[in-house]
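Reading through the C-alpha cells given below for one structure.
The values are calculated or read from the model by the stated rules, or taken from the named source; none is laboratory data. Keep in mind the model is a prediction, meaning the values are calculated, not measured. Cβ sites come from the backbone with ideal geometry, for glycine too, and all protein chains shown count toward neighbours.
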Amino acid sequence: MKHEAITRAALAVLLSLLPSCATKQEPLLEQRLLAEFVEAYPTASNPNGIVRSFDITAAEVELPLLDGKPLRVWAYNGQVPGPELRVRLGETVRVRFTNRLPQPTTIHWHGVRVPNDMDGVPTQSRPAIKPGESFVYEFTPKDAGTFWFHPHIRSSEQVERGLFGVLIVEDPAPPAYSRDVVWVVDDWLLGQDGQIVPAFNTRHDLAHDGRWGNHVTVNGRTNEVLALRPGERIRLRIVNVANGRVFAPDFGGLAAKIVAVDGLYVRTPFDASGFELAPGNRIDVDLMAGSAGAAISIEDRFLRSRPRRLAEIRVAGDPVETPRFEPPTRRTVPAWTAGSEVPVHAELALDARRGGPFGIEWTINGVAFQGHESATGHTGIPLVQGQFNHLRFANHSARLHPIHLHGMFFRVLTRNGRAVDEPFFRDTVLVHPRETVDVGVVPVDEGSWMLHCHILEHAEAGMMTMLEVGSAHGATPGHTKH
Ligand code: C2O
Ligand code: CU
C-alpha cells in the first residue's frame with residue numbers, strides 16, 4: 001500500500017512547507033521524528049468506487065435487554081448495540097440517517113478520519129439534526145480497523161440510553177481468522193423499576209468518574225457466552241461504549257494477544273490481559289480457543305478488589321484446524337524514543353472547579369467548553385499540520401480522564417516523565433489521577449478537531465476543546481499554551 005501512505009517524496013514536501021519559525025533549537029531532531037512517521041498511516045483515502053449504503057434511524061423503543069426484561073432505550077434501528085456496519089477499505093460509507101428522538105442528535109464516527117464536516121460535531125455551519133430531520137453522512141475511511149459511532153450532543157444522556165454501534169473497516173485481504181467476533185462492553189444504571197435512571201449529569205457523576213452503572217453487559221447481555229470449537233483462532237474486537245467505566249479484561253489463561261488498539265494494528269502483538277480499556281477505546285484480540293471442555297470466565301479486573309464477570313467462553317464440539325499465520329502488524333508505528341525531547345507544543349491542564357450549570361465544571365487550562373453550538377467562536381489549540389507536535393495532558397485532579405482526539409492518531413511518549421514504549425497508535429488515552437501523559441502526534445488531516453475527555457459527564461461539564469489543523473485554521477507555530 002506504499003502508494004497511499006506518506007512517501008518520502010511527500011515527506012520532502014511536508015518538510016519544505018515547515019515555516020522557518022517552527023525550527024526550534026534542534027530542527028534535525030524534529031526531522032528525524034517526522035521521518036519515522038513516513039508511511040505510518042495513509043494521508044488520503046483511496047476510494048474504489050463502491051458505495052455501501054445504510055439506513056439508520058434513531059428512535060425510542062422497548063427491547064428485551066440485559067436478562068430479557070423489557071427496557072426502554074434509545075436505539076439505532078431498534079437494536080442495542082446498534083447495527084454493525086461492515087465495509088472493506090476503499091469502499092465509501094453512505095449513511096442516510098433519520099432522527100426520531102425527542103432531541104437533536106448527530107452521529108460521530110469515533111476514530112475514523114473523515115472529512116471535517118462529516119465528523120458529527122455540531123457547529124454553526126453544520127448544526128445538529130433536529131427531531132424529524134434527516135442527514136446523509138458520506139465518507140471513505142482511510143484506515144482499516146474497529147471503529148464505532150455515537151451521538152456528539154448531549155452524549156452523556158444519548159449514549160447512556162443506548163445510541164452506539166460498531167463500524168468495521170476490513171482489510172483489503174483480511175487475515176484468515178476462523179471467525180470475527182465483536183463484543184460491545186457497557187454498563188447501565190437502572191433504578192428500582194428496572195429502567196434507566198433518568199437523572200443525567202448528577203453532582204455525584206460529575207464529582208466522580210462519570211456515571212458508572214449497576215449492570216455490566218456485553219452486546220447488551222449480562223450473561224454473554226461465546227461458544228468456540230477446539231482449535232478455533234478468532235479475532236475478538238472489544239469496544240468500550242460505557243459513559244465512564246474503565247474495563248481491564250482478563251482472559252483467564254487463554255492465549256490472547258492484542259493485535260490492534262483503537263482500530264490500528266500494533267507494531268508487535270502483546271499479551272491482552274490487563275489492558276486498560278477506557279471509554280472510547282477498542283482492542284482487537286487474536287485469541288486461541290485451546291482444547292475442548294474449557295469454560296473460561298472473562299473478567300474485568302480494573303477494580304482489583306472487585307472483579308466482575310464480563311462473559312464466558314465455552315470450548316466444545318468437533319475440533320477445527322487452527323489457521324496458521326503470523327498475526328497482522330503495522331511495522332511502521334514510529335518508536336519516537338526521542339519524542340519527549342522536543343519542546344512541549346501545548347500543555348493541557350485538566351481540572352475541576354465549582355460552578356456552571358451542573359454545579360461542577362471540568363476544565364482544560366481553566367476553560368470549561370461552552371457547548372458545541374458555540375464551537376465556532378471557540379479559540380482552539382493550533383497544531384502544525386504535517387509536523388511532530390508534542391502535547392502534554394497534565395491531570396491536576398483526583399479523577400480519571402480518558403482523553404480522546406478526533407481526526408488523528410497519537411502515540412504515548414511518557415507517563416509522569418518516564419518513557420513508555422507503547423508499540424501502537426491510539427485515539428484515546430487514559431490519564432490517571434494526578435498523572436501527566438505526554439504524546440506525540442503528526443496531524444495530517446485538515447480541520448477543527450475536538451479533543452475531550454471520553455467520560456461523557458466530564459465532557460458535558462466542560463472538558464472539551466478544539467484542535468485546529470491546517471492553514472485555513474490559523475495555525476501559529478511556536479504557540480505553547482492554550
Ligand atoms: Cu467517541 Cu468525541 O467521541
Ligand atoms: Cu474526565
Handout entry: Options 145, 120: the member that is free of Cβ contacts under 8 Å to residues at least 40 places away in the same chain, at positive phi and crowded, with 16+ Cβ neighbours inside 10 Å
Key = 120
Handout entry: Qualifying residue in the range 214-235 (condition: buried (at least 19 other Cβ atoms within 10 Å of the Cβ), in a helix (DSSP H, G or I) and in contact with a strand residue (DSSP E or B) (Cβ under 8 Å, 6 or more places away or on another chain))
Key = no
Fill in the blank from the handout: Of the candidates 441, 469, 431, the one satisfying the condition of being on the phi < 0 side of the Ramachandran plot, at pLDDT 95 or above and within 16 Å of ligand 2 (Cβ to nearest atom) is 431
Handout entry: From the options 32, 86, residue that is touching a residue at least 40 places away in the same chain (Cβ under 8 Å), of a type in the set (Lys, Arg) and part of a helix (DSSP H, G or I)
Key = 32
Exercise for the section: Select, from 334, 327, 307, the only residue that is in contact with a Lys or Arg (Cβ under 8 Å, 6 or more places away or on another chain), surrounded by 14 or more Cβ atoms within 10 Å (Cβ to Cβ) and at pLDDT below 95. Expected result: 307
Practice task
State whether one or more residues within the range 253-270 are modelled with pLDDT of 95 or more, assigned to a loop (DSSP other than H, G, I, E, B) and aliphatic (A, V, I, L, M).
Solution key: no
Practice task
Kindly establish whether residue 381 is away from ligand 2 (no atom under 16 Å from the Cβ) and under 16 Å from residue 464 (Cβ atoms).
Solution key: yes
Fill in the blank from the handout: Of the residues in the range 393-403, those that are part of a strand (DSSP E or B) and either more than 16 Å from ligand 1 (Cβ to nearest atom) or at positive phi (or both) come to 394, 395
Exercise for the section: Test residue 466 against the criterion of being within 16 Å of ligand 1 (Cβ to nearest atom), in a loop (DSSP other than H, G, I, E, B) and not assigned by TED's automatic domain parsing to the domain that holds residue 213, and give yes or no. Expected result: no
Practice task
Taking the residues in the range 404-420 that are part of a strand (DSSP E or B) and farther than 12 Å from residue 436 by Cβ as candidates, determine which candidate is farthest from ligand 2 (Cβ to nearest atom).
Solution key: 419
Problem - Complete set of residues in the range 121-166 that are under 23 Å from residue 211 (Cα atoms), more than 16 Å from ligand 2 (Cβ to nearest atom) and among the small types (Gly, Ala, Ser) - result: 162, 165
Exercise for the section: Name the residue, out of 271, 286, that is more than 20 Å from the chain's Cα centre (by Cα), among the charged types (D, E, K, R) and more than 15 Å from residue 187 (Cβ to Cβ). Expected result: 271
Practice task
Would you check if there is a residue in the range 199-213 being surrounded by fewer than 24 Cβ atoms within 10 Å (Cβ to Cβ) and either in a strand (DSSP E or B) or within 16 Å of ligand 1 (Cβ to nearest atom) (or both)?
Solution key: no
